[in-house]
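First the structure, which I've put down as structure tokens, then a few questions once you've had a look.
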Amino acid sequence: MKSDYDLIIIGGGPAGLAAAVGAVENGVHDILIIERERFLGGILNQCIHTGFGLREFGEELTGPEYAQRFEDRVLQAGISCLVDAMVLDVTRDKHVVVISPVHGRLEFTARAIVLAMGCRERTRGALMVAGTRPAGVMTAGTAQRLMNLEGYLPGQNIVILGSGDIGLIMARRFTLEGANVSAVLEVMPYSTGLTRNVVQCLNDYGIPLMLSHTVTSVHGAKRVSGVTVSEVDIGRNPLPGTEQDIACDTLITSVGLIPENELSRRAGVELDLATGGAIVNQRLETSVPGVFACGNVLQVHDLVDNVSEEARHAGANAADLIAGRLAPKQRTIRVIPGRGIRYVVPQYVDVHEADEHTVLSMRPDDVFRQATVEVVADGRDVPLARFRRRHLTPGEMVTVNVDSAVFRTCAQYVSVRVV
Amino acid sequence: MSSTTRIVTCIVCPEGCKVSVSTDGDTITAVSGHGCRRGLGYARQEAVAPMRTLTTSVRVSGGVLSLVSVKTSAPVPRERLLDIMTCVRRCCLSAPVSQGQVVLTNVLELGVDLVATRSVERGSPATVHEPPHGG
Ligand SMILES: Cc1cc2nc3c(=O)[nH]c(=O)nc-3n(C[C@H](O)[C@H](O)[C@H](O)COP(=O)(O)OP(=O)(O)OC[C@H]3O[C@@H](n4cnc5c(N)ncnc54)[C@H](O)[C@@H]3O)c2cc1C
Ligand code: SF4
């Protein structure tokens with residue numbers, strides 16, 4: 001097997017596949033995708049519901065169908081894919097160490113690398129729920145995998161903690177498979193999942209969504225027998241006297257995702273505490289030159305269409321770097337979250353004459369109606385760009401397309417705020 | 001006849017518009033609040049007879065996976081979803097299955113088919129050696 005590639009992509013989910021497509025479109029063909037599972041497609045393989053591809057393909061597809069379209073493009077372009085192979089190490093000088101049951105230990109070098117390892121679910125350990133540790137507690141993604149890929153129903157009487165999209169989707173899935181879902185609990189006063197999922201996964205089946213509620217203890221010796229739930233105040237502290245017991249044999253947690261950045265750290269990539277992903281410039285290049293990041297490993301996305309778009313951009317930029325087409329930067333501008341914004345990606349913009357526009361992705365830290373997202377420079381008060389949005393919620397990522405001239409007029413930093 | 005107005009949350013795209021639909025008996029008299037034309041059609045349908053696309057999975061023998069994901073070829077009446085599930089549960093396929101293959105025709109005489117949404121080649125399911133990475 002060949003050991004030198006122009007571009008190595010780590011992870012064969014939607015981000016990795018779209019990055020490869022982006023690189024091919026920009027003239028780089030010598031690409032290797034490395035995926036640890038037996039199939040390409042990443043998390044989409046277990047997302048058998050519809051809701052993918054409205055923006056990318058103009059039709060509503062299931063996860064496997066969406067993945068297949070990108071896989072077909074990648075295979076047609078003749079890109080090499082190594083599956084069932086896990087990357088163990090990446091270095092600053094773009095040396096990649098892989099272990100595979102078939103090939104054993106393999107080593108590769110590349111001129112550029114795209115990190116596309118996705119994310120994993122926060123587990124109950126991070127939740128600090130009191131009580132014993134009986135069987136029957138698992139994350140929504142684990143339940144999804146058991147039910148959709150392995151054909152195993154993990155329980156009959158279910159309580160779901162967290163109203164993230166995976167939790168909502170699984171509430172419906174359990175109900176369709178004949179299990180009873182008593183409630184979905186959400187500690188925040190709003191659902192953290194998409195509204196359409198609250199409607200079609202909970203309301204359709206009469207499953208109650210208990211906002212401002214959390215699980216305060218888990219009962220059961222060997223197997224979960226029930227949970228105590230309480231209402232919480234705005235500081236998320238349980239309110240005494242509001243406890244109620246709900247009998248169940250399974251507690252499903254859907255309390256957030258964390259980008260999977262162990263490899264990035266090994267490569268010396270600097271991470272942003274707010275996103276859990278790499279700090280990048282507008283080309284999605286990390287602090288290690290020639291190493292790019294995209295998809296859920298960079299920031300957690302709600303929509304795969306956004307993942308594909310971001311990843312295609314990362315792949316195209318990696319190709320430009322390989323071809324020596326990147327214009328030298330004039331200076332670097334910091335992008336910082338202002339009022340109402342939790343984080344912004346990219347964290348830096350390298351100012352180039354050639355750039356026409358720059359996409360900023362962000363998450364608000366609260367719910368806003370009829371809001372305006374403003375970009376302001378160097379602490380001045382007059383905004384350089386304004387974007388109206390009907391509805392902003394922390395559960396949905398916001399993207400704005402900023403004219404790059406804005407950054408050229410700016411000296412040190414821009415901040416993004418909601419008014 | 002008296003006219004009633006209800007709010008329908010559009011689920012066609014992530015925007016989730018709140019569409020208000022006024023009806024007079026069986027006739028729709030006014031629709032407002034939709035962000036686009038797709039939402040108009042959805043809200044009109046939702047106000048009289050909600051329809052949903054069903055996605056689930058069907059057992060497969062002799063394949064690299066023991067399940068294949070499927071969907072209804074078009075939306076079906078919402079109140080028939082659980083009936084369709086009962087019928088799907090009895091179904092078992094043998095590998096290979098290809099994406100787009102019709103798994104059941106004219107399910108419960110509803111005029112829609114059940115279609116495979118992925119391919120499953122012949123082989124044996126490997127045991128999962130990685131902890132699920134969620135998503
Ligand atoms: C339950 C659920 C419901 C969703 N619903 C929707 C929806 O309705 N509509 C929508 O648009 N989006 C939805 N999404 C979001 C969308 O699916 C994800 O945002 C998208 O799949 C992320 O793509 P990714 O490539 O970044 O990550 P992933 O799909 O997680 O892919 C990462 C890949 O990298 C591989 N990998 C990781 N580490 C290594 C390593 N060391 N070596 C080799 N390979 C490695 C993994 O095996 C994996 O295949 C949903 C997600 C979930 C989980
Ligand atoms: S009305 Fe249109 S824009 Fe609004 S949610 Fe429905 S499909 Fe989306």
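Cβ-Cβ under 7 Å, sequence separation 6+ or interchain: first residue in segment B:29-54 and closer than 12 Å to B:Arg6 by Cβ and part of a helix (DSSP H, G or I), partner at pLDDT 90 or above and within 16 Å of ligand 1 (Cβ to nearest atom). Which pairs?
B:Ala43/B:Cys10
So which of A:Ala411, A:Ala385 ends up being farther than 27 Å from A:Gly164 by Cα and surrounded by 14 or more Cβ atoms within 10 Å (Cβ to Cβ)?
On inspection, the qualifying residue turns out to be A:Ala385.
I've got another one for you. Go over the candidates B:Val48, B:Val8, B:Val58 one by one and state the one that is more than 13 Å from chain A (Cβ to nearest Cβ), away from ligand 1 (no atom under 16 Å from the Cβ), within 30 Å of A:Glu177 (Cβ to Cβ) and out of contact with any Ser or Thr (no Cβ under 7 Å at 6 or more places or on another chain).
When all the criteria are applied, what remains is B:Val48.
Now, a different point. Quick one: which residue in B:Gly39, B:Gly33 is within 14 Å of ligand 2 (Cβ to nearest atom), under 30 Å from B:Leu114 (Cβ atoms) and small (Gly, Ala, Ser)?
Checking each option against the conditions leaves just B:Gly39.
Let me ask another. Only one residue in A:Val114, A:Val87 is buried (at least 19 other Cβ atoms within 10 Å of the Cβ), touching a helix residue (DSSP H, G or I) at 6+ places or on another chain (Cβ under 7 Å), within 14 Å of another protein chain (Cβ to nearest Cβ) and outside any loop (DSSP other than H, G, I, E, B), so which one is that?
A:Val87
Does B:Ser61 fit the bill of being within 27 Å of B:Thr105 (Cβ to Cβ), in contact (Cβ under 8 Å) with a residue 12 or more places away in the chain, crowded, with 18+ Cβ neighbours inside 10 Å and more than 9 Å from ligand 2 (Cβ to nearest atom)?
When the stated conditions are applied, B:Ser61 does not pass them.
Same structure again: What's the total number of residues in segment B:11-37 that are under 21 Å from the mean Cα position of the chain (by Cα) and either within 16 Å of ligand 1 (Cβ to nearest atom) or buried (at least 17 other Cβ atoms within 10 Å of the Cβ) (or both)?
7
Then there's this: Go over the candidates A:Glu37, A:Glu60, A:Glu71 one by one and state the one that is in the same structural domain as A:Ala311 (by TED's automatic domain parsing), among the charged types (D, E, K, R), surrounded by fewer than 24 Cβ atoms within 10 Å (Cβ to Cβ) and touching a Ser or Thr at 6+ places or on another chain (Cβ under 9 Å).
Matching residue, one of A:Glu37, A:Glu60, A:Glu71: A:Glu60.
Then there's this: Could you please let me know if A:Gly53 is within 14 Å of another protein chain (Cβ to nearest Cβ), near ligand 1 (Cβ under 9 Å from one of its atoms) and modelled with pLDDT under 95?
yes
Something else: Looking only at segment A:57-84, count every residue that is assigned to a loop (DSSP other than H, G, I, E, B) and more than 26 Å from A:Pro101 (Cβ to Cβ) and tell me the total.
Counting residues in segment A:57-84 that are assigned to a loop (DSSP other than H, G, I, E, B) and more than 26 Å from A:Pro101 (Cβ to Cβ) gives 4.
Filter segment B:86-102 down to the residues that are modelled with pLDDT of 95 or more and within 16 Å of B:Thr53 (Cα to Cα), then identify the one that is nearest to the other protein chains (Cβ to nearest Cβ).
That would be B:Gly100.
Ok, one more. The conditions are (1) farther than 29 Å from A:Thr109 by Cβ; (2) part of a loop (DSSP other than H, G, I, E, B), and A:Ile252 fails exactly one of them. Which is it?
(2)
Is it the case, given these coordinates, that B:Ser22 is within 12 Å of ligand 2 (Cβ to nearest atom), of a type in the set (S, T, N, Q) and either within 14 Å of another protein chain (Cβ to nearest Cβ) or in contact with a strand residue (DSSP E or B) (Cβ under 6 Å, 6 or more places away or on another chain) (or both)?
No: the conditions fail for B:Ser22.
Can A:Arg105 be described as touching a strand residue (DSSP E or B) at 6+ places or on another chain (Cβ under 8 Å) and loosely packed, with under 14 Cβ neighbours inside 10 Å?
Against the criterion (touching a strand residue (DSSP E or B) at 6+ places or on another chain (Cβ under 8 Å) and loosely packed, with under 14 Cβ neighbours inside 10 Å), A:Arg105 qualifies.
Moving on. Could you please let me know if A:Thr372 is polar (S, T, N, Q), at pLDDT 95 or above and surrounded by fewer than 18 Cβ atoms within 10 Å (Cβ to Cβ)?
Spelling it out, A:Thr372 is indeed polar (S, T, N, Q), at pLDDT 95 or above and surrounded by fewer than 18 Cβ atoms within 10 Å (Cβ to Cβ).
Show the residue pairs meeting these rules: Cβ distance below 6 Å; 6+ apart or different chains; first residue within segment A:35-55 and closer than 19 Å to A:Arg73 by Cβ; second residue of a type in the set (A, V, I, L, M) and within 16 Å of ligand 2 (Cβ to nearest atom).
Taking only residues 6 or more apart or on different chains, the pairs are A:Phe52/A:Leu61; A:Gly53/A:Leu61.
Read through the list (1) out of contact with any helix residue (DSSP H, G or I) (no Cβ under 7 Å at 6 or more places or on another chain); (2) within 30 Å of A:Leu211 (Cβ to Cβ), then give the number of the only condition that A:Pro259 fails.
(1)
Looking at segment A:182-218, which of its residues are in a loop (DSSP other than H, G, I, E, B) and more than 10 Å from chain B (Cβ to nearest Cβ)?
A:Val187, A:Met188, A:Pro189, A:Tyr190, A:Ser191, A:Thr192, A:Gly193, A:Gly206, A:Ile207, A:Pro208, A:Ser212
Still on this structure: So for segment A:275-284 (the condition being of a type in the set (Gly, Ala, Ser), within 16 Å of ligand 1 (Cβ to nearest atom), within 14 Å of chain B (Cβ to nearest Cβ) and part of a loop (DSSP other than H, G, I, E, B)), does at least one residue qualify?
The answer is yes; a qualifying residue exists.
When the residues of segment A:15-56 are narrowed to those that are within 16 Å of ligand 2 (Cβ to nearest atom) and in a helix (DSSP H, G or I), which ends up nearest to A:Leu176 (Cα to Cα)?
Checked segment A:15-56; the qualifying residue nearest to A:Leu176 (Cα to Cα) is A:Leu54.
Quick one: which of B:Val107, B:Val68, B:Val120 is in contact with a helix residue (DSSP H, G or I) (Cβ under 6 Å, 6 or more places away or on another chain) and in contact (Cβ under 8 Å) with a residue 12 or more places away in the chain?
B:Val107
Next up: Out of all the residues in segment A:147-155, is one or more closer than 19 Å to A:Val215 by Cα and more than 12 Å from chain B (Cβ to nearest Cβ)?
Taking every residue of segment A:147-155 in turn, at least one turns out to be closer than 19 Å to A:Val215 by Cα and more than 12 Å from chain B (Cβ to nearest Cβ).
Okay, moving on. Name every residue in segment A:227-255 that is of a type in the set (Asp, Glu) and surrounded by 12 or more Cβ atoms within 10 Å (Cβ to Cβ), in order of residue number.
Passing the criteria: A:Glu231, A:Glu243, A:Asp245, A:Asp249.
With A:Ala314, A:Ala327 as the choices, which residue is more than 14 Å from chain B (Cβ to nearest Cβ) and part of a helix (DSSP H, G or I)?
Step by step, each of A:Ala314, A:Ala327 is checked, and only A:Ala314 is more than 14 Å from chain B (Cβ to nearest Cβ) and part of a helix (DSSP H, G or I).
The values are calculated or read from the model by the stated rules, or taken from the named source; none is laboratory data. Predicted model only: the values in this text are computed from it and were never measured. All Cβ positions, even for glycine, are placed from backbone atoms using ideal geometry, and neighbour counts span all protein chains on display.
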